[in-house]
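Novice: First the structure, which I've put down as structure tokens, then a few questions once you've had a look.
Taken together, the values in this text are just the output of simple stated rules run on the coordinates, not laboratory data. Model, not experiment: these values are computed from the prediction. Cβ placement follows ideal geometry from the backbone for every residue including glycine, while neighbour counts extend to all protein chains displayed.
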Amino acid sequence: MSALDVTVDYGAITHNVEVLRSRASGADVMAVVKADAYGHGLAAAAEAARRGGAAWLGVAQPGEALALRAAGDTGRILTWLYGPELPARELIIAEVDLSASSPDVLGAIVAAARDLGVAPRVHLCVDTGLGREGVPLRELGALLDLAVAAQAEGLVRIVGMWSHLAWADAPGHATIDAQATAFREALAMAQEREIALEVRHLANSACTLTRPDLHFDLVRPGIAVYGLPPVPDPAGERFGLRAAMAVRSEVILVKNVGAGQGVSYGHDYVTPYPTTLGLISAGYADGVFRRAGNRAEVSIRGRRFRIAGRVCMDQFVVDLGPVTDVVAGDVATLIGPDGPTATEWADAIETIDYEVVCRFGVLRRKGAA
Ligand SMILES: *Cc1c(COP(=O)(O)O)cnc(C)c1O
């Protein structure tokens, strides 16, 4: 084992997409695989999601969409995060669905389409209140008019309209209904212009799991695909989702120390009694958050131990207690079915599990290289 072993259960991703499909009220599922599939590996995660019935894949960066095509994916793919300098020609040739967030971006798409003589599939993105991507609702009319004119010339096919929620992980938050109302207004504006939309989409994972009335034709779950529900399951069963990522290291030294022994730099932890310390060979150079010192837990032989003192560059310590059967060579699970969840790590260090899996995902790539 290297310092840190990051593994992915792709069967869990397939299973999770099946679960999400069963909760999608008949809407199709777009598995969001941006950011190297939240650290789980773009191509392999995408394949696993397709096996689970994901009719669509969604990515932020154009390069990710092209990478999926290069990996052999032939299904529907949407990419949404770029300015007017997007590689429109490559994307159109690769038959990737394109999002248009502004007249400038639509103009760039139309210019490439005119050049190629091919009409790409376009989804208009409207900002219903997130204050991030999308055309503001009051400017949507102008974007729609441009799109309708381009469609009349055979230069684009307007297939979708979409938006993204700001507070979906806080079910009942007033902005959710306000954004839904704005989205319906946007859809009505398309209908007034007799645009036949194939897919209307708004729901991320949290909305998919909590607001069936907002599923429209397509839902766009990301974090739930990887088995991390962003909202609590009222039934207490994580909605049947299974965490896909596991992160493990190794105990390389076990030793006895007396009471009052300061542990690691700055002695932020002091042993309260004579005890046994275990040294784990992973640190912040390997991606273990330094902030996890004295906060996060690992699991060894099925038991939980909090990190004792500061996380160092390539190691950290746990207090194994006065009597232990742990020996050098044992596996220490930072995250996995046999240990803490990514969500527990996130809570311990005051971030979100999205950041935890993305962080360890970077290591998975390093390990694979
Ligand atoms: C990341 C993202 C998603 C997925 O969000 P989750 O909270 O991970 O489900 C959906 N849509 C857009 C536009 C996104 O950027």
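Novice: Taking the chain as the reference, fit the longest principal axis to its C-alpha atoms, fit the long axis of helix 10-22 to the helix C-alpha atoms, and give the angle between the two in degrees, 0 to 90, nearest 10.
Specialist: 50 degrees
Novice: For a footprinting-style exposure proxy, rank W167, W80, W162 by other Cβ within 10 Å, fewest first.
Specialist: W167, W80, W162
Novice: What number, in nm² with one decimal, is the all-direction average of the projected area of the convex hull of the alpha-carbon atoms of segment 245-365?
Specialist: For segment 245-365, the mean projected area of the Cα convex hull comes to 6.7 nm².
Novice: Which Cα, out of Q261, V17, L86, lies furthest along the positive dipole direction of the chain (beta carbon charges, K/R +1, D/E -1)?
Specialist: Q261
Novice: Starting with the fewest neighbours, write out S25, S102 ranked by other beta-carbon atoms found within 10 Å of each beta-carbon.
Specialist: Starting with the residue having the fewest Cβ neighbours, the order is S25, S102.
Novice: Let me ask you something else. Gap in Å between the Cα centre of segment 1-68 and the Cα centre of segment 206-264?
Specialist: Measuring centre to centre over Cα atoms gives 16 Å.
Novice: If you add up the charges near D268, with Lys and Arg at +1 and Asp and Glu at -1, over every other residue whose beta carbon is less than 13 angstrom from its beta carbon, what do you get?
Specialist: Value of the local net charge: +4.
Novice: Once Lys and Arg get +1 and Asp and Glu get -1 on their Cβ, which of A3, C358, T208 lies farthest toward the positive end of the dipole of the chain?
Specialist: Selected residue: A3.
Novice: Would you be so kind as to identify which of G283, W345, A328 lies farthest towards the positive end of the dipole of the chain, taking Lys and Arg as +1 and Asp and Glu as -1 on Cβ and the Cα centre as origin?
Specialist: It is A328.
Novice: Another question, then. To the nearest µm²/s, what D does Stokes-Einstein give for segment 4-107 at 10 °C and 1.306 mPa s, using the Kirkwood radius over alpha carbon pairs as Rh?
Specialist: 111 µm²/s
Novice: Looking at the chain from every direction and averaging, what is the projected area of its Cα convex hull in nm²?
Specialist: Hull-based average projected area comes out at 19.7 nm².
Novice: Can you give me the relative contact order of the chain as a percent, contacts being Cα pairs under 8 Å and 6 or more apart?
Specialist: It comes to 17 percent, rounded to a whole number.
Novice: Explain nothing, just the number: dipole magnitude of segment 10-233 about its Cα centre with +1 on each Lys and Arg Cβ and -1 on each Asp and Glu Cβ, in debye rounded to the nearest 20.
Specialist: 340 debye
Novice: Would you mind ranking L320, L124, L130 by Cβ crowding within 10 Å, fewest neighbours first?
Specialist: In increasing order of surrounding Cβ atoms, one gets L130, L320, L124.
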